[in-house]
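Peer 1: Structure provided below as structure tokens; questions to follow.
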Amino acid sequence: ELPTDIPIEFLVTINDASSNKYTKSLILEHSGSFDIFGAGGKGTSVFNAPNPFNPNLEKTSIVFEITTPASITIDIYSLELKLIKRLFSGFLSAGYYDSFFWDGKDDNGNIMPNGVYVFVLTGESDGKKLIRRNKIVSLKN
């Protein structure tokens with residue numbers, strides 16, 4: 001159990017195949033029982049399908065449920081923590097959503113190489129923020 005109302009800093013370091021090192025500081029703010037995502041925040045109600053997916057043949061759908069109206073942002077990141085594409089940013093009513101898709105392309109329309117990506121779903125309601133992350137595997141034939 002994380003302490004409440006105390007920001008926690010994580011340093012994430014990733015080494016790529018060429019031995020380049022990427023380090024990013026991530027601040028996690030946890031505010032007790034706040035949870036806008038369904039399934040009690042266990043992560044089962046925030047996922048993407050299909051996973052893995054082939055962007056030459058299909059798109060992967062970001063699926064989630066929110067239990068209260070919230071400002072939602074859905075971003076796709078590389079493992080180097082580079083923003084690849086913003087899928088959505090706006091206000092949504094409480095409900096189940098499965099109509100946000102990633103086609104494997106960046107914001108400029110370029111198909112990204114095979115690899116592991118991360119989608120970050122951020123919800124904000126009543127001045128509190130909650131973040132969910134999940135891996136997406138992109139595999140082209």
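Peer 1: Exactly one condition in (1) assigned to a loop (DSSP other than H, G, I, E, B); (2) surrounded by 14 or more Cβ atoms within 10 Å (Cβ to Cβ) is not met by G109; state its number.
Peer 2: Exception for G109: condition (2).
Peer 1: Moving on. Given the conditions (1) surrounded by fewer than 12 Cβ atoms within 10 Å (Cβ to Cβ); (2) over 15 Å from I131 (Cβ atoms); (3) at pLDDT 60 or above, report the number of the one that V12 does not fulfil.
Peer 2: (2)
Peer 1: State which residue is modelled with the highest pLDDT when the search covers only segment 55-78 and only residues that are outside any strand (DSSP E or B) and within 16 Å of D126 (Cβ to Cβ).
Peer 2: Of everything passing the filter in segment 55-78, P69 is modelled with the highest pLDDT.
Peer 1: Residues in segment 101-119: is at least one farther than 20 Å from P55 by Cα and touching a residue at least 24 places away in the same chain (Cβ under 8 Å)? Can you show your working first?
Peer 2: So in segment 101-119, the residues farther than 20 Å from P55 by Cα come out as none.
Within segment 101-119 (the criterion being farther than 20 Å from P55 by Cα and touching a residue at least 24 places away in the same chain (Cβ under 8 Å)), the answer is no, since none of the residues qualifies.
Peer 1: While we're looking at this one, here's another question. Taking the criterion of being charged (D, E, K, R), part of a loop (DSSP other than H, G, I, E, B) and surrounded by fewer than 17 Cβ atoms within 10 Å (Cβ to Cβ), would at least one residue in segment 81-100 satisfy it?
Peer 2: yes
Peer 1: Inside segment 112-134, can you point out the residues that are outside any strand (DSSP E or B) and under 18 Å from L81 (Cβ atoms)?
Peer 2: Just the residues of segment 112-134 that are outside any strand (DSSP E or B), to begin with: 112-114, 126-127.
Across segment 112-134, the qualifying residues are M112, P113.
Peer 1: Is there a residue being surrounded by 14 or more Cβ atoms within 10 Å (Cβ to Cβ), in contact with a strand residue (DSSP E or B) (Cβ under 9 Å, 6 or more places away or on another chain), of a type in the set (S, T, Y) and closer than 24 Å to I14 by Cα anywhere in segment 64-80?
Peer 2: yes
Peer 1: What's the number of the only condition in (1) among the small types (G, A, S); (2) open to solvent by 60 Å² or more (accessible area, probe 1.4 Å); (3) modelled with pLDDT of 60 or more that S33 fails to meet?
Peer 2: Of everything listed in (1) among the small types (G, A, S); (2) open to solvent by 60 Å² or more (accessible area, probe 1.4 Å); (3) modelled with pLDDT of 60 or more, S33 misses just condition (3).
The values are calculated or read from the model by the stated rules, or taken from the named source; none is laboratory data. Quick caveat: nothing in here was measured; it's all calculated off a predicted structure. Please note: Cβ atoms are built from the backbone with ideal geometry, for glycine as well, and neighbour counts cover all protein chains shown. Only protein heavy atoms, including side chains, enter the accessible area calculation; ligands, DNA and RNA are left aside. Shrake-Rupley method; radii C 1.70, N 1.55, O 1.52, S 1.80 Å.
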